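Everything on this sheet refers to the single structure shown next.
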Amino acid sequence: MGVRLQVIGVVLLGLLVSGGAGLLMHRVERDRADQALDRRTAAAQDAVAAGTQRYVDALQLAAGGLEALPALDADAFTTATQPLGQLWLAGVTGVDYVVPVPDADVAVAQAAWRGRGVADLTLAPTPGATEHYFAMLVRSLDVRQPGGDRAGRDLAGIPQAADAVARAERSGLPAASEPYVALRDAASSASPQPQTVALVQRVVEHKTGALRGYLQLTVRVQDFFGDTMLQPARELPDVTLAAYAGTELRTIAALARRAPRGSDLRRTADVQVADKQWQLRVATGSGVLVGADGHLDDGMFFGGAALTLVTGLLVYTLATSRRRAEERVEEATAELRVAGVTARSQATLLSAVMDTIADGVAVIDGDGNAAWLNPTARAILGPEASQRPASQWAELLDMRAADGVTPYRTHGGWPAGTESLVECVMAGRRIEIRLRTLLHEREQPGFVAVMRDITDRHAAEEQLRGSEELLQVLLDGARDYAIYMLDPAGTIVSWSVNAERLNGYPSEETIGTSYACLFTADDQAGGRPERVLERAAERGRAELDGPQVRKDGTRFWAHGLVSAVRHPDGSVRGFVTVSQDVTERKQAEQVIERLNADLEQRIDERTADLREANAELESFSYSVSHDLRAPLRAVDGFAKMLALDYDAALDEPGRRYVERIRAGAQQMGELIDGLLAFSRLQRQELASGRVGLAELVAEVWDELAVERGDRPIELVVGELPDAVGDPRLVRHVIANLLGNAVKYTREQTSARIEVGHNVTVAGEATYFVRDNGAGFDMRYAGKLFKVFQRLHRAEEYEGTGIGLALTHRIVHRHGGQIWAEAAPGEGATFLFTLPVFVRELEAVR
């Protein structure tokens, strides 16, 4: 009885200890699972945060490029946003330049932007909205649906995007919209429909800080999330991304994977995206995470139970050693059986661990054959190489050394117990292999190879190294610009070669010191360096324009920009300063100012002289007109009296001579009137107003009824847009050109006169008057618009030779041009340009 009680006590105590150890190990494994999930959740959170920050940085870079441009049009927008198309921005569907336009200025804005190169722009305002946000310039970056949204759409019709624009304006920082379904995705059959988020950055004037517009980057969140989570979420079967839509937290993207049964581990993490917070949700089972569930609790419990039974049996055997020998044999047999179970359990545990680790493990025997491969190693090597000896892997997988070029050669063997680390390129993937030889009595021992795929890590390292090299090349390559970086307190943390060349300070003397040492003593005493940083921190950037001092004490005039660099939460991370020596330009500006002052004084003096000369010319013109008209009137009057009173006494030659005297006197009077009008036109002040060309043509044609007589003349009047000018002077142009057309078609039995207009490539209206009359030789076209120059004899066609000269001067005074095209006997075409009247401009005035 005592032996049985001892055995029972030992067994109960062993089971109690085994159960406690199993529970403790279960808790340890659960903690490991929690830690593993925390690490993967943090990695996924960092990936999403880094990805969104990269998009925000790209948006700010493009916005900065637009702000640096003196003028913004379609070509400038294409140039500034070109780098966005070269970056891999997964999910980005397009980039738009958005301009706020009040409801009353929609037509004016449309005409202005058409003049900036957006020829087919049509603004479509949202009904009921008083403030519109039009996408004037658009660039599609959607590889799935090329073409993108059209220019002219109103973001006021998308409340989420309009709200983001308003927040970007208030804060001056990038803003993210709430999720919405974009128009291009509205017809998608996917359920739920893809969600889009707009990132908005305001664009201001470089010098004044005045608002130009906004730069909007639209992102299809599912595409972005799927690309960003490709690597961090390999072992996370259920990962979703949520954002607030109003007060509701809505799922905007999810990985298309099936969650395992028993998802007993869940995590959430907040991600800052511009001025919005998104939420990352992760759910998985503890058995899915690699290294989190090794069944050590079960192994320890059952091992302890087995050991307890063995101990109980041993106690019972020792207590009953004097009993039957057969019982000792049975007990020994039972002990061996339990030990076998334990060994098999440990082997199963080891196999489970090797099957779930992320590294590939291969055991190679002394003959070079793969004795054992875990699943990860088989996946890395591939099915063909997994069945071949290790000595053939280099050729089958085209293995290369770490440089990616030199063929990799396997070693014949290693000394026992040694360990080495090699890196090679295997089937296009970069693999890190850790080799350790196995201690063995044979001459050629085997070894264990632990393989790890480091392709993504190596690519990230190369990308980081390339970015650093590119940044340094850019800093050192901008020869005319000193570029250096400051911390929030104004301490210099980086110093480029060009900054050393411009300021004279080597990097070892400037890094770690305040950038105030570059300013003059007066500026330092007045606190100017601190004010510049305060403005840059408040407004995002501040202009740097003033004198600075080099190391050798010489002064120069520096002009540049101090830009604030911020953390995702909006706090200032530091400042980037770009400046250049503009001393020569400043000196040139001062010289130009002095020259302008001298020029203005000369202009005032010449203007006074010109006014005096004009007054004298006006007086002379009046005197000439009066003095010449008096004898002409006398000649004409006496010739008329001679014809009336002595008509009977004059023979036919005498009457003809009298008529020629009167005609000459009248023509001389017309010449005097024409010369006076020609001289007064240059001094006459122009009246500017709307001129209806169609109405003028009709009025002048009626006034030419006497000259036309009963001749059958066909007048064809096409569309004539209204012009801007002096109605009285423009009427003279129409009257002269139509009068000439009637005069020079008198020999045609079927005369035809055409009045119309053409539109040039530049969008100007060119008016024309065309006839099928006598025409002229184009070799003499240079004389056409000069005073007293005529291309036909007076006996054939009457005239003074002043009309076209006066017409030429009127058109030129309106800022236009006039020219002619003709051929002898084939008619002539006179073409001229005038400013076109625009109804929208009249509304603005």
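The values are calculated or read from the model by the stated rules, or taken from the named source; none is laboratory data. Here the structure is a predicted model, which is why all the values come from computation and not from measurement. Glycine also receives a Cβ, built like all others from the backbone with ideal geometry; neighbour counts cover every protein chain displayed. Note: accessible area is taken over every heavy atom of the protein model, side chains too, but ligands, DNA and RNA are not part of it. Shrake-Rupley method; radii C 1.70, N 1.55, O 1.52, S 1.80 Å.
Just a few scattered comments:
- Here the stretch 51-74 is the region considered, the condition is being small (Gly, Ala, Ser) and open to solvent by 60 Å² or more (accessible area, probe 1.4 Å), and the residue that is farthest from residue 564 (Cα to Cα) is 71.
- Pairs with Cβ under 9 Å, 6+ apart, first in the stretch 797-819 and open to solvent by 60 Å² or more (accessible area, probe 1.4 Å) and at pLDDT 80 or above, second in a helix (DSSP H, G or I) and of a type in the set (Phe, Trp, Tyr): 809/678
- Single condition residue 528 does not satisfy, out of (1) modelled with pLDDT of 90 or more; (2) of a type outside the set (Asp, Glu); (3) crowded, with 17+ Cβ neighbours inside 10 Å; (4) within 35 Å of the chain's Cα centre (by Cα): (3)
- Only residues that are in contact (Cβ under 8 Å) with a residue 60 or more places away in the chain, out of contact with any Phe, Trp or Tyr (no Cβ under 9 Å at 6 or more places or on another chain) and open to solvent by 20 Å² or more (accessible area, probe 1.4 Å) were counted in the stretch 702-735, giving 1.
- Answer from 217, 230 - the residue that is part of a strand (DSSP E or B) and not β-branched (Val, Ile, Thr): 217
- Taking (1) modelled with pLDDT under 85; (2) open to solvent by 70 Å² or more (accessible area, probe 1.4 Å); (3) part of a strand (DSSP E or B) in turn, residue 281 satisfies each apart from (1).
- Selection within the stretch 83-98 - open to solvent by 20 Å² or more (accessible area, probe 1.4 Å) and either under 14 Å from residue 215 (Cβ atoms) or not hydrophobic (A, V, I, L, M, F, W, C) (or both): 83, 85, 86
- Residues of the stretch 222-238 include none that is among the β-branched types (Val, Ile, Thr) and open to solvent by less than 10 Å² (accessible area, probe 1.4 Å).
- Residue selected from the stretch 184-205 under the condition small (Gly, Ala, Ser) and touching a helix residue (DSSP H, G or I) at 6+ places or on another chain (Cβ under 9 Å), by the criterion modelled with the highest pLDDT: 198
- Residue within the stretch 716-723 that is at pLDDT below 85 and over 51 Å from the mean Cα position of the chain (by Cα) present: no
- Residues (part of a helix (DSSP H, G or I), touching a residue at least 40 places away in the same chain (Cβ under 8 Å) and of a type outside the set (A, V, I, L, M, F, W, C)) located in the stretch 510-556: 515, 530, 539
- Of the numbered criteria (1) under 23 Å from residue 567 (Cβ atoms); (2) open to solvent by 70 Å² or more (accessible area, probe 1.4 Å), the one residue 533 fails is (2).
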